[in-house]
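Reviewing the structure listed below.
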Amino acid sequence: MGNLIWHEYSRFVAITATIYGIWAGFWGLFYRKFFWDFVGGTLRDPGGIQPARSAAPFITVIVKIPLLQIMAMVLGLFILALEWPLPLMRKLPIYRNLIVRIVLLLFQAFIMILFYQGTNAAIWSLIAVGCYTRAVARGETMAEAKGNRGKEGQA
Amino acid sequence: MGESWFHREFLTVRRLIFNFLFYGSHLGLFAYGWYSQETNQKLAGLNSLKWSVWSSRGAGLVLAYDGGLILLPMLRNIIRIIRPRLTWLFPADENIWFHRQVAYSMAFWAMVHTTAHYVNFINVEETQIRKQIALQIHYTQAGGITGHFMLLIMVIMYSTAHQKIRKQCFEAFWYTHHLAFFFMIGLYTHATGCFVRDSTNPAYSRVFPFYTTDHCLGYESWRFIIWPGIIYFGERVWREIRARRATRLSKVLVHPSGAMELRIIKPSLKYTPGQWLFIQIPELSRFQWHPFTITSAPEDPYVSVHIRQVGDWTESLGERLGVGPSVVKSMTQDAMKGKEKGLSRGDFVEIDTSVSTITLPAVRIDGPYGAPAEDVFNAEVAMLVGAGIGVTPFASILKHIWYRQKRGTLGSLRRVEFFWICRDAPSFGWFQSLLQEVEAAQADPNFLRINIYLTQKIGEDMLWNIAVNDAGAEYDPLTLLRTRTLFGRPDWNSIYPRMRGAIEGGSYLPGSKSQLKTKVATYFCGPPVIAKALKEATVKYTTSNVTFTFAKEHF
């Protein structure tokens, strides 16, 4: 595929997935639902699905206290700060590390898949993980910012 | 960078009108979609979901509108035909810009629509106004499936369309953008699940569109927005048919600077100077089409393009023709060093199929497509400004002007000022040879003036070369033209007023009466920074006697 630089492409997917994730986490605060509650759950009219007893731990951290949603938002904001990037993140030693991104995105996908609004963010995060993995496999590295050359188009 | 966002969006009349119509129609449709849902008595059941269903309906209608608009700027052949008649109304050359605006708007409204539906479905499940759970609506019904699928396609299409990715790997953009086909199918069938209904169960039927409109009360927007899709599809089919018409690669010339000139014969192709076309070489890639500017004039018996080996496709074309990057590299280096190595910069090598074992591959071309420089003959003075690789369309225009000059059919065109701003002139050797021909053919020394600006930093060797060879020589040592090369960037704020002064004083266009309005048309091709500076200058120095217009070409 041409000269595609995979980690640069993956960055765009990761940013999209993460913004979706933050937005999903925000709405998850108000409409709390465990995504997998249909497994063994019973449908009540009205009231919707009543999750199985085995799902109780998830219900605690998603419906009773929206802990996962808050975690998703915090993690999302961190990934966004790393990927966009926020200027101070450039100084961090992990800034040029692709593996760190893969781990963070996997973690994001794991959180997102657990609550109702997060499904797409989880899938897209996994796509970004796949592209980053491919970048690592091809031995790509993030280049240092080039001296003081200035931005393109500002000649 | 210069003017503020507010200034650009609101204080420019054209942009203000566009913003008003574009965003106004979006908000208007959203409001209508919201209102007609909220007040529809038949949909009282659905309306118990309140604001979330109202906003999802409103945003859905807006998305349908955007889905109808997004293909319009891509109807390349239709735009090419209507463009000359409609330039006064809207800038048809900005079609990609418009396509992007629709796409941005689509992303925003998709966010509104999806968010609202996530609220809708969770509420349907909790209140059980329909005996379903949220995930059934999301993942087993037409609306949910196509919706999630379209979102995924949008992520892939938008991310690969970023200009950084497009530059790195055009194929990634080109192939993934064809997911638009599935996106459009998803869009047209999004409502077939009959989510908006007054009955308990969806009212499906056996005849197209497989649901009855007695109970499925959607906006039926697909009936309107499917037409651009059908026309676009038809246009793609037509482009394929046209590309299959007899085409023959007759000659390949390799210029010492590394540019390959393909001379193609296709009698069915009619074009005007400054236009461009897509080229496909099935042997290299069966599906890829690559855009190139036409460098021949319509009077030439062939269509030519100049290709430099800069990407993987162009490099493999070079390999195929036996002039791969290594060969070209040594040729380029020779050319940079000057003409000591036998060939002078203007000369070229023809790939001779009768002697060598190299055969010429089959080519297909799709085009031509528009460019603003077609209008060059309507102005009295044409200022042609090319920067870097952006000089290519002017090759065709200058040749065409030269042909028309010979025939004496120049229209209202009296003078041509050609500006060429480039970093290193030697890498455009083929263009220099063309300029030499045109310059040498000038009978009237005042008709065409060539101004070359070299912006590269000049090393000591080059400085001495110029100093030794320039003084008293007939030709410029760098470009081998009679015109002297200027160093540094052109200062438009002195060029335009000087020209205006000369026109008003009557010295520039002898014989033209000063009370007449003179039109000076600027045509530019190159990077946006220069485009902006030029545009500002054309606006700033326009007076009642002298109008400066500005148009630019996109790649």
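The residues in the range B:524-546 that are in contact (Cβ under 8 Å) with a residue 24 or more places away in the chain and either at positive phi or within 14 Å of another protein chain (Cβ to nearest Cβ) (or both) can be counted, and the count is 5. Every test in (1) surrounded by 15 or more Cβ atoms within 10 Å (Cβ to Cβ); (2) within 9 Å of chain B (Cβ to nearest Cβ); (3) over 22 Å from the mean Cα position of the chain (by Cα) is passed by A:Lys33 save one, and that test is (3). For the range B:152-176, a residue qualifies if it is of a type in the set (Lys, Arg) and either crowded, with 21+ Cβ neighbours inside 10 Å or more than 10 Å from every other protein chain (Cβ to nearest Cβ) (or both), and exactly one does: B:Arg166.
Screening B:Leu179 on (1) surrounded by fewer than 20 Cβ atoms within 10 Å (Cβ to Cβ); (2) over 34 Å from the mean Cα position of the chain (by Cα) shows it passes everything except condition (2). Contact map, the range B:132-151: residues that are away from chain A (no Cβ under 12 Å) paired with residues that are β-branched (Val, Ile, Thr), Cβ distance under 6 Å, separation 6+ or inter-chain. Pairs shown: B:Ala142/B:Thr192; B:Thr146/B:Thr189.
I need the helices (runs of 4 or more DSSP H) fully contained in the range B:5-64, keeping only those with at least 2 residues that are touching a residue at least 40 places away in the same chain (Cβ under 8 Å).
Details: elements: B:5-10, B:13-38, B:44-47.
Helices (runs of 4 or more DSSP H) meeting the threshold: B:13-38, B:44-47.
Residue-level check: of (1) in a helix (DSSP H, G or I); (2) in contact (Cβ under 8 Å) with a residue 12 or more places away in the chain; (3) more than 24 Å from the chain's Cα centre (by Cα), B:Arg223 misses just (2).
Of all the numbered requirements in (1) in contact (Cβ under 8 Å) with a residue 12 or more places away in the chain; (2) part of a loop (DSSP other than H, G, I, E, B); (3) more than 21 Å from B:Arg76 (Cβ to Cβ), B:Leu317 misses one, and that requirement is (2). Going by the conditions given, is A:Gly21 at positive phi and either facing chain B (nearest Cβ under 9 Å) or surrounded by 15 or more Cβ atoms within 10 Å (Cβ to Cβ) (or both)? So A:Gly21 does not fit the description; no.
Among the residues making up the range A:36-57, those that are under 25 Å from the mean Cα position of the chain (by Cα) and either within 14 Å of another protein chain (Cβ to nearest Cβ) or of a type in the set (D, E, K, R) (or both) are A:Trp36, A:Asp37, A:Phe38, A:Val39. Against the list (1) surrounded by fewer than 15 Cβ atoms within 10 Å (Cβ to Cβ); (2) within 12 Å of another protein chain (Cβ to nearest Cβ), the condition A:Thr60 fails is (2).
Yes or no, residue by residue, for (1) of a type in the set (Val, Ile, Thr); (2) surrounded by 15 or more Cβ atoms within 10 Å (Cβ to Cβ); (3) at negative phi; (4) within 33 Å of the chain's Cα centre (by Cα):
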site	(1), (2), (3), (4)
B:Asn19	no, no, yes, yes
B:Leu27	no, no, yes, yes
B:Thr39	yes, no, yes, no
B:Leu49	no, yes, yes, no
B:Ser52	no, yes, yes, no
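Counting only residues that are of a type in the set (S, T, N, Q) and either under 15 Å from B:Lys131 (Cα atoms) or out of contact with any helix residue (DSSP H, G or I) (no Cβ under 7 Å at 6 or more places or on another chain) (or both), how many does the range B:184-204 have? Qualifying residue count, the range B:184-204: 3.
Matching residues to (1) surrounded by fewer than 23 Cβ atoms within 10 Å (Cβ to Cβ); (2) among the hydrophobic types (A, V, I, L, M, F, W, C); (3) touching a residue at least 60 places away in the same chain (Cβ under 8 Å):
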{"site": "B:Ala362", "(1), (2), (3)": "yes, yes, yes"}
{"site": "B:Gly367", "(1), (2), (3)": "no, no, yes"}
{"site": "B:Phe377", "(1), (2), (3)": "yes, yes, no"}
{"site": "B:Met383", "(1), (2), (3)": "no, yes, yes"}
{"site": "B:Gly388", "(1), (2), (3)": "yes, no, yes"}
{"site": "B:Leu398", "(1), (2), (3)": "no, yes, no"}
{"site": "B:Trp402", "(1), (2), (3)": "yes, yes, yes"}
{"site": "B:Gly408", "(1), (2), (3)": "yes, no, no"}
{"site": "B:Arg415", "(1), (2), (3)": "yes, no, yes"}
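Here the range B:114-131 is the region considered, the condition is being assigned to a helix (DSSP H, G or I) and surrounded by fewer than 20 Cβ atoms within 10 Å (Cβ to Cβ), and the residue that is farthest from the other protein chains (Cβ to nearest Cβ) is B:Asn123.
The numbers here are math on the coordinates, done by the rules we state, and not lab data. As the structure is a prediction and not an experimental result, all values here were calculated from the model. FYI the Cβ positions are ideal-geometry reconstructions off the backbone, even for glycines, and counts take in every protein chain you see.
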